[in-house]
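Asker: Please read through the structure below; I'll follow up with questions.
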Amino acid sequence: MNMINWYEYLSSFEDILSRKLRKKPYDNAAYLQYVKLNKSRMNRWLRTGLLKESTQQTIEKIREVQNWYIITEPWCGDAAHSVPFIYLLSELNQNIKLTLILRDSEPEWIERYLTNGSRSIPKLIVRNNYDEDLFTWGPRPKECQLLISELKKQQISDEDIKTRAQEWYNKNKGISLQEEIRNKIELHLNSRS
């Protein structure tokens, strides 16, 4: 199985941009531009993203090993805004083991975690040490998803939808993602007590 760690994921951006990796879709100039933009967005969140104290406190309560799997791709705009925060959260507790899975290389993973029948990413799957799913999250915060769904109903162009989503992520600063993941962790922790 082609699972990678955080540093291998970051390295994949360099491989794509330096043209070491030329497989589809990275043989398309538009995808190279997406990867370049997403690398910049991820680096910005890694430098400036702030974790809420309430989320940190909840993450610190995890006492059993959890395996966090993120299904993603370097070309995915939503992933550029969400994956850095998930990584930062995973670094708060040594009981969290983070693994990234490239959707297009491991399609059987995303096929098990479709969103309304689509292969939308990023998708976070949290499992216990017995490989049982505890919860999933993704592909984007609910408020952002509602915005995009509404814009699609209005038949707004794909480019305008991307711009509005980008504006939403910039304004939200990872807060909704953190709250949603914190709520899921708390539900799991409360169900065990």
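What follows draws every value from the coordinates through simple rules; no lab data is involved. Owing to the predicted nature of the structure, the values given are computational and were not obtained by experimental measurement. Backbone-built Cβ (ideal geometry, glycine too); neighbour counts: all protein chains shown.
Asker: Within the stretch 10-93, which trypsin sites (Lys or Arg not before Pro) sit in a loop by DSSP and count at most 15 neighbouring Cβ atoms inside 10 Å?
Answerer: ARG19, LYS20, ARG22, LYS23, LYS52, LYS61, ARG63
Asker: Could you list the GluC sites (Glu not before Pro) in the stretch 99-193 that lie in coil according to DSSP, counting only those with at most 14 other Cβ atoms within 10 Å of their Cβ?
Answerer: GLU132
Asker: Under 5 Å between amide H atoms, partner at least 5 residues away or on a different chain: which partners does THR115 have, H built in plane at 1.01 Å?
Answerer: SER120
Asker: Within 10 Å of each residue's Cβ, count the other Cβ atoms and sort HIS81, HIS188 from fewest upward.
Answerer: Sorted ascending by nearby Cβ count, the order is HIS188, HIS81.
Asker: Straight-line reach from LYS61: which lysines have a Cα under 18 Å away, not including same-chain ones fewer than 8 places off?
Answerer: LYS52, LYS97, LYS184
Asker: Right, something else. If you add up the charges near CYS144, with Lys and Arg at +1 and Asp and Glu at -1, over every other residue whose beta carbon is less than 13 angstrom from its beta carbon, what do you get?
Answerer: Residues close to CYS144 contribute a combined charge of +1.
Asker: GNM, the chain, Cα, under 10 Å: largest mean-square fluctuation among ILE110, ILE148, ILE175?
Answerer: ILE148
Asker: Same structure, new question: I'd like the distance separating the alpha-carbon centroids of the stretch 96-122 and the stretch 123-172, in whole Å.
Answerer: 14
Asker: OK, next. I'm spelling it out carefully: the read-out is P(r) over Cα pairs in 10 Å bins from 0, in percent, the candidates are [x] 8, 27, 28, 17, 11, 7, 3, 0, 0; [y] 9, 38, 39, 12, 1, 0; [z] 8, 36, 38, 16, 2, 0, and one was derived from this structure. Which label?
Answerer: [z]
Asker: Amide H to amide H under 5 Å from LYS173: which residues, 5+ apart in sequence or cross-chain, H placed 1.01 Å off N in plane?
Answerer: Those lying under 5 Å, H to H, from LYS173: there are none.
Asker: Among the chymotrypsin sites (Phe, Trp or Tyr not before Pro) within the stretch 31-108, which fall in a DSSP loop and have no more than 10 other Cβ atoms within 10 Å of their own Cβ?
Answerer: none
Asker: Please list the three semi-axes, largest first and in whole Å, of the ellipsoid equivalent to the stretch 5-45, using sqrt of 5 times the eigenvalues of its alpha carbon gyration tensor.
Answerer: 17, 13, 7
Asker: Another one. Suppose we keep just the DSSP beta bridges with both residues in the chain; what percent of those would be antiparallel, to 5?
Answerer: Counting only bridges with both partners in the chain, antiparallel ones make up about 65 percent.
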